[in-house]
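Reviewing the structure listed below.
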Amino acid sequence: MWKPSPTEGEAEAPKAPPNNLIPSLPDDVALNCIARIPRCHHPILSLVSKPFRTLLSTPLFFTTRCLLNCTQPLLYLTLRTPASSLQWFTLHRTVPSPLLAPLPPIPSPAVGSAYAVLGSTIYVLGGSINDVPSPHVWLLDCRFHRWLPGPSMRVAREFAAAGVLCGKIYVLGGCVADTWARSANWAEVLDPDVGRWERVASPSEVREKWMHASAVVGDKVYAMADRGGIAYEPRSGSWESVGGELDLGWRGRACVVEGILYCYDYLGKIKGFDVGRGVWEELKGLEKGLPRFLCGATMADLGGKLCVVWECQGNGKEMEIWCAEIGVQKDPDGNLWGQLGWFGKVLSVPKGSSVVHCSSVSL
């Protein structure tokens, strides 16, 4: 499995739990107890003692939480400020209301990057720096909130589509397809166990340059361009054109929850697309609860719930970032229903800022 060298990141954290976690209890029993505590309480846990603080920064702690099925979905949000810098935040579900906490900035902020989540890592793929597309990949290790360089792609890309299937990352488009060398690498795949990008064969008729949106539904990666979309099935290596019925103008402002692709239309209504039926359905049940948002919103699957983050007018020189969590389900007749769990303001930012992307990671 590919791993960064010690010089590319911080020193590897200790693999064994520290001694004397809880007096009178064996450390392995104490580890199992502490690993069950919800993540929102971890900042307080780190203040209990030095052994606790050390434990919370070990890979073993996160592995134990996974084995005990105690992981929780966390939302990671990327914003662009008027100074053109990227700011990263994670959402903490605190009482009485959630809030966004800042994260270390990405070492090389780019415009038009693609994003993919694999395990506890967010992959930031390409993008342009000073209007020059880049093949570079950055990894955010969400366990310790540190940035590491990843394997560079075969070609430079911006506004590419990306998706994860069977533990591999697929990236499509975002590169100029007017030369043989570039068009041959129009699509590529990364196997993290190998740590090297490989070319994915693609027919010339699908090689659009800009891919404005992508999603994984079932066993296919869907990507949308200005003139329609395409779908790729890695298992069979087959490509197919996607008809206009899928194009509701979602352009990255969408996510998949329980096999349904959700986005919002120009009226601010949330709709879901059932690939099997090939139709869009309005998400019912939110008419009187959820505020209307017409632009500047993005979505993520937050542990089986639909999470929406959007921009809202603020006061003076600030604008507000709001967030909502919605339970979604499909009734026997195929109608989609939503139940609003919570919503509210989570952050104030300078006017002119914009929501770029949000991802969900289970830790």
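Helix-only arithmetic for the chain: the sum of -39500 (n - 2.57) across DSSP H runs with n ≥ 4, divided by the residue total, places the mean residue ellipticity at 222 nm at -2000 deg cm²/dmol. Computed extension gain for ASN69 through LEU340, at 0.36 nm per residue and net of the alpha carbon distance, reaches 95.0 nm. Charge dipole (Cα centre; +1 on Lys/Arg Cβ, -1 on Asp/Glu Cβ; no other charges) of region 107-246 amounts to roughly 320 debye. Computed over Cα pairs, the Kirkwood radius of region 107-246 leads via Stokes-Einstein (1.306 mPa s, 10 °C) to a diffusion coefficient of 106 µm² per second. Toward the positive end of the charge dipole of the chain, about the Cα centre and with charges on Cβ (Lys, Arg +1; Asp, Glu -1), which of TRP88, ALA254, GLY243 goes farthest? Highest projection toward the positive end goes to TRP88.
Taking the Cα centre of the chain as reference, the dipole from Cβ charges on Lys and Arg (+1) and Asp and Glu (-1) amounts to some 780 debye. Using the Cβ-Cβ distance between ASN32 and HIS92 with R0 = 22 Å, the FRET efficiency computed as 1/(1 + (r/R0)^6) comes to roughly 0.35. Computed from point charges on the beta carbon alone (+1 for Lys and Arg, -1 for Asp and Glu), the dipole magnitude for region 294-363 about its Cα centre is near 220 Debye. Spread over its residues, the convex hull of the C-alpha atoms of region 233-294 is 109 Å³ per residue. Put +1 on the Cβ of each Lys and Arg and -1 on the Cβ of each Asp and Glu in the chain; which of PRO102, PRO133, GLY173 then has its Cα farthest toward the positive end of the dipole? Towards the positive end, the residue furthest out is PRO102.
For each pair in LYS168/LYS305; LYS168/LYS284; LYS168/LYS271; LYS288/LYS351; LYS220/LYS288, compute the distance between the two Cα atoms and list the pairs where it is over 26 Å. The answer is LYS168/LYS284; LYS168/LYS271; LYS288/LYS351; LYS220/LYS288. When Rg and the Kirkwood Rh are both derived from Cα coordinates, the Rg/Rh ratio for region 17-76 amounts to 0.95.
At most 16 other Cβ atoms within 10 Å and a DSSP loop assignment: could you name the trypsin sites (Lys or Arg not before Pro) in region 306-363 that fit? Those that pass, being in a loop and sparsely packed, are LYS317, LYS351.
Just so you know, all these numbers are worked out from the coordinates, no wet-lab data involved. Since we're looking at a predicted model, the values are computed, not measured. Glycine also receives a Cβ, built like all others from the backbone with ideal geometry; neighbour counts cover every protein chain displayed.
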